[in-house]
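Undergrad: Could you have a look at this structure, given as structure tokens, before my questions?
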Amino acid sequence: MKLSGLQIFWLMFTFETGNMILLTLSPTFQDAKQDAWISFLLASILGTLIVFVSSKAALLYPGKTLIEYSKLIFGKWLGILIVIVYLIQWYSVIADILREFAEFTITILLPTTPLWVLVLTMLLLLIYITYSGGIEGIGRCSEVFGPIILLSVFILLILSVSIFNYKNFLPVFSDTGFVPILKGTVHPLSFLGESVMMLMLLSFMDQPNKGPKRAVLGIAAASCLVSTVAIWVLLILGPEIASKLRHPAFDAVSYVTVMDFIQNLEILAVLVWLLSVFIKLSLYFFLANYGTAQLLHIKNWRKLIWVTSAFFFVLAVIFPNPTYTYIFDNTFWIYFALPVNMVGIPLLLWFVGSLRKKYQANH
Amino acid sequence: MRKIILRLGLCLSVLFISGCWDRKELNEQALWIGSGWDVAKNDGVELSGQIVIPSNIQTQGGGGGLMQKGFFTISAKGKNLSDALQNIQTKLSREAFSGQRRVIIFGEQFARRGLKRQLDNSQRRADVSLRSDVFVIKGSTAKKALSVSNPLEKPPIAATLGEHKISGGRGNTAYLSLLMAATSDGLRPSIPVLEFSSSLDGEKKGNENSANPPLLRLAGVAIFDKNLKMQGLLNMEENRHMLWVMGILQNLTISFKKKDMNASLTLNKLSSKIEPHISKNQQITFTVTLKGEGSLKENNSGLDVQSPNNLKRLEKEFEKISQKQVQQTVTKVQKKYGLDIFGLGEVIHRKKPNQWKSLKYDWDKRFPEADIIVKTDIKIKELGMDGPSLLFKESEIKK
């Protein structure tokens, strides 16, 4: 199982775009109003820093995964604790994304389909790609899906230039100020920060040295695209409406029409979104299985898939109503996962790891 | 063994491919293309819908015989839209499908009662597009408006959309602009108005197959306050002026008539620039500069427009008449309704955001007191095929 530099780029790009476009726009517009694009640009800069730090940290021990080198850096018990913190994040987010995927699909495409069917179908796909392809299969998939996403967003933007209302940008800054803009930054940042999975992914690269650069480029490309989409939504719907809709990008797509005969493009947008969500889920799915197997010293990590899938299925179906995924995104993800998993631990790993390396080199 | 399992799995997956839970056959759907809203007892609503009859909508006629109507109208009462829709469904054999809904009409009484607690359904549902046209029907109910057929358009509601588009208005962006105005502090909503009319002006209205069939005509614009209650009406000419000030008018024909001449100019490039100014004693002044470029359509005089001086003179006349009319409209809106349908408050919001913070709370009081100066700047870019009118003799032509 080897990943090339190009695959890392497309992996980062593909897994970030879809869900970010769907889920971060509305909360950011709520906080930062028409200055949401500033929030997105800030988040882009901070997000690339996160991925840079985490891939640099992983580069200290090339060929070893987070599960292995966190023990080398922090010792056995602290290392295991750190791994468990990440496993909690991965396990919970898989269930959360599965649930969100199923609910959104039900809302817009399949209103009478039972939820469990959608969760199960997606899980079967995940099992298939992870079991037979592993991380390499996911990487190759993203090489195909990534360009499709890029192209379709690009086409949508071009088709809608004529309905842009540039006045929606104004007034810049004076309605909001620093605090609301920073508050808005948190939402996209907590999604961009998911790129800390580079801590694991780097060990699968054939040329780990290329990792940091490719990953940073991938995240930069993804955040550019998402920021562009945010500006696009702002120009079509304006800040007030965008903040009240749950998925403003979806409504903006359905608003696009070309000469009255190209209409209702939202279904295409949903298909593109599905590609991205699939990559994101399968990445987390692989990491959760592989990480658990390494932690528990199970030789064949593929056998674990059956156990974990059953767990994910139950977890995804057990949320009693849609507000739980909303609460998950707005509490655990922002107040715990962002500061601890995405900022704190990667920095610590990098810092302590480099110190340790220097210390070892001196002796 | 493995192959057998694979094959079985493949066969089983067929069950999922068909999407059996959510099949939506076209012939099990009722295509709902226009919605109407009216008042009902106990603060309820009466929802009406124009529904396409698919078998009568084909364009290739089968020879002679009477034209079949391409639609029918259906309505029912309820507490709100969903409740009324459930009641409609009791007499509709197919499931109402709103994905193609393009027009919403409010009865005047309904518009005066207020829209605020009614419209959520359209945004909550994923299949209804934000791209809709929206109208108020003057002095009548929406269900009657939806029952009027049109000689040109098979689903007749398409005719209102066409009228709206061709008159240079907001067209199918009207609904989104209503939502935007409803959420904004410095812009009050305005919705185009329809009225009952007939093909021939001044003649008695006949039935739909007669020479004078009933029609719906665009009749101006309805003004709403910030609670989304309709407060009054502007006529079609004032509607155009309003749209010009807002900068969204697409085309406009200005005509003037003096005792020895009359002329018309069609502007197809219109723009508006608004400069707010707030003096030390808090007096607000807006300078509205309206620009227009277009082609000369009529010049019933001996004026030879090929001479630059004459063209200047014409341009001045057009500027004068349009300035006067727009100024009248603006003053009327200020004095009679006091509601900022032009979005001048939003201009302050954008250009002087700090001052806006204190103004926005009582904008409805401050707007009528503001000075609004309208200036027009009109350029004739095309002359057409003749210089002076051909009906004038050499001696009458002014070079």
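Undergrad: Of these, A:Phe278, A:Phe311, A:Phe328, A:Phe286, which one is of a type in the set (A, V, I, L, M, F, W, C), in a helix (DSSP H, G or I) and either open to solvent by 40 Å² or more (accessible area, probe 1.4 Å) or at positive phi (or both)?
TA: Just one listed residue meets the conditions, A:Phe311.
Undergrad: Same structure, new question: Out of all the residues in segment B:138-161, which are out of contact with any helix residue (DSSP H, G or I) (no Cβ under 7 Å at 6 or more places or on another chain), in a helix (DSSP H, G or I) and either open to solvent by 20 Å² or more (accessible area, probe 1.4 Å) or among the aromatic types (Phe, Trp, Tyr) (or both)?
TA: Passing the criteria: B:Lys143, B:Lys144, B:Ala158.
Undergrad: Within segment A:38-51, can one find any residue that is of a type in the set (Ser, Thr, Tyr), touching a residue at least 60 places away in the same chain (Cβ under 8 Å) and open to solvent by less than 10 Å² (accessible area, probe 1.4 Å)?
TA: Taking every residue of segment A:38-51 in turn, at least one turns out to be of a type in the set (Ser, Thr, Tyr), touching a residue at least 60 places away in the same chain (Cβ under 8 Å) and open to solvent by less than 10 Å² (accessible area, probe 1.4 Å).
A quick yes/no check of all residues on (1) in a helix (DSSP H, G or I); (2) within 14 Å of chain B (Cβ to nearest Cβ); (3) of a type in the set (A, V, I, L, M, F, W, C); (4) touching a residue at least 40 places away in the same chain (Cβ under 8 Å):
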site: A:Leu150; (1), (2), (3), (4): yes, no, yes, yes
site: A:Asp175; (1), (2), (3), (4): no, yes, no, yes
site: A:Ile181; (1), (2), (3), (4): yes, no, yes, yes
site: A:His187; (1), (2), (3), (4): yes, no, no, yes
site: A:Leu202; (1), (2), (3), (4): yes, no, yes, yes
site: A:Pro212; (1), (2), (3), (4): yes, no, no, yes
site: A:Ala215; (1), (2), (3), (4): yes, no, yes, yes
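Undergrad: Now for a separate question. Restricting to strands (runs of 3 or more DSSP E) lying wholly in segment B:250-366: which have 2 or more residues that are without any contact (Cβ under 8 Å) to a residue 60 or more places away in the chain and on the phi < 0 side of the Ramachandran plot?
TA: The strands (runs of 3 or more DSSP E) meeting that bar are B:252-257, B:262-278.
Undergrad: Could you count how many residues in segment B:162-179 are assigned to a loop (DSSP other than H, G, I, E, B) and either more than 14 Å from chain A (Cβ to nearest Cβ) or not basic (Lys, Arg) (or both)?
TA: Here the count works out to 3.
Undergrad: Being open to solvent by 10 Å² or more (accessible area, probe 1.4 Å) and assigned to a helix (DSSP H, G or I), is that true of even one residue in segment B:377-395?
TA: Within segment B:377-395, one or more residues are open to solvent by 10 Å² or more (accessible area, probe 1.4 Å) and assigned to a helix (DSSP H, G or I).
Undergrad: Hey, another quick one. Mind listing whichever residues of segment A:307-334 are modelled with pLDDT of 90 or more and of a type outside the set (A, V, I, L, M, F, W, C)?
TA: Once the filter is applied, which keeps residues that are modelled with pLDDT of 90 or more and of a type outside the set (A, V, I, L, M, F, W, C), segment A:307-334 yields A:Thr308, A:Ser309.
Undergrad: Go over the candidates B:Asp201, B:Asp185 one by one and state the one that is within 14 Å of chain A (Cβ to nearest Cβ) and open to solvent by 40 Å² or more (accessible area, probe 1.4 Å).
TA: Unique residue meeting the criteria: B:Asp185.
Undergrad: Does B:Ser129 meet the test of being within 29 Å of A:Leu237 (Cα to Cα), modelled with pLDDT under 85, outside any loop (DSSP other than H, G, I, E, B) and within 14 Å of chain A (Cβ to nearest Cβ)?
TA: It is false that B:Ser129 is within 29 Å of A:Leu237 (Cα to Cα), modelled with pLDDT under 85, outside any loop (DSSP other than H, G, I, E, B) and within 14 Å of chain A (Cβ to nearest Cβ).
Undergrad: Now a separate question. Mind listing whichever residues of segment B:238-287 are out of contact with any strand residue (DSSP E or B) (no Cβ under 7 Å at 6 or more places or on another chain) and buried (at least 21 other Cβ atoms within 10 Å of the Cβ)?
TA: B:His241, B:Leu243
Undergrad: Pairs only if they're at least six apart or on different chains, beta carbon under 9 angstrom, first in segment A:224-242 and within 21 Å of B:Leu179 (Cα to Cα) and assigned to a helix (DSSP H, G or I), second of a type in the set (Asp, Glu) and open to solvent by 10 Å² or more (accessible area, probe 1.4 Å); list them, first residue then second.
TA: A:Val233/A:Asp251; A:Ile236/A:Asp251; A:Leu237/A:Asp251; A:Pro239/A:Asp175; A:Ile241/A:Asp251; A:Ala242/A:Asp251
Undergrad: Step by step: first the residues of segment A:101-134, then only those that are more than 14 Å from chain B (Cβ to nearest Cβ) and modelled with pLDDT of 90 or more, then the one that is surrounded by the fewest Cβ atoms within 10 Å (Cβ to Cβ). Which residue is that?
TA: A:Ile129
Undergrad: Against the condition without any contact (Cβ under 8 Å) to a residue 40 or more places away in the chain and under 20 Å from B:Ile74 (Cα atoms), how does B:Glu153 come out, does it pass?
TA: Here the answer is yes, as B:Glu153 does meet what is asked.
Undergrad: Any chance segment A:160-169 includes a residue that's closer than 30 Å to B:His349 by Cβ, without any contact (Cβ under 8 Å) to a residue 60 or more places away in the chain, surrounded by fewer than 16 Cβ atoms within 10 Å (Cβ to Cβ) and more than 10 Å from every other protein chain (Cβ to nearest Cβ)?
TA: yes
Undergrad: Also: Determine if segment A:237-244 includes at least one residue that is open to solvent by 10 Å² or more (accessible area, probe 1.4 Å) and more than 14 Å from chain B (Cβ to nearest Cβ).
TA: No, there is no match, as no residue in segment A:237-244 is open to solvent by 10 Å² or more (accessible area, probe 1.4 Å) and more than 14 Å from chain B (Cβ to nearest Cβ).
Undergrad: OK, next. Residue check, B:Gly220 against (1) at positive phi; (2) surrounded by fewer than 17 Cβ atoms within 10 Å (Cβ to Cβ), all met but one. Which one?
TA: Unmet condition: (2).
Undergrad: Let me ask something else about it. Just to be sure, is B:Thr73 under 15 Å from B:Val39 (Cβ atoms), in contact (Cβ under 8 Å) with a residue 24 or more places away in the chain, away from chain A (no Cβ under 14 Å) and of a type outside the set (Phe, Trp, Tyr)?
TA: When the stated conditions are applied, B:Thr73 does not pass them.
Undergrad: Out of segment A:257-270, which residues are facing chain B (nearest Cβ under 9 Å) and part of a loop (DSSP other than H, G, I, E, B)?
TA: A:Thr257, A:Asp260, A:Gln263, A:Asn264
The values are calculated or read from the model by the stated rules, or taken from the named source; none is laboratory data. This is a predicted model, so every value here is computed, not measured. Note: ideal-geometry Cβ built from the backbone for every residue, glycine included; neighbour counts use all protein chains shown. For accessibility, only protein heavy atoms count, side chains too; no ligands or nucleic acids. Shrake-Rupley method; radii C 1.70, N 1.55, O 1.52, S 1.80 Å.
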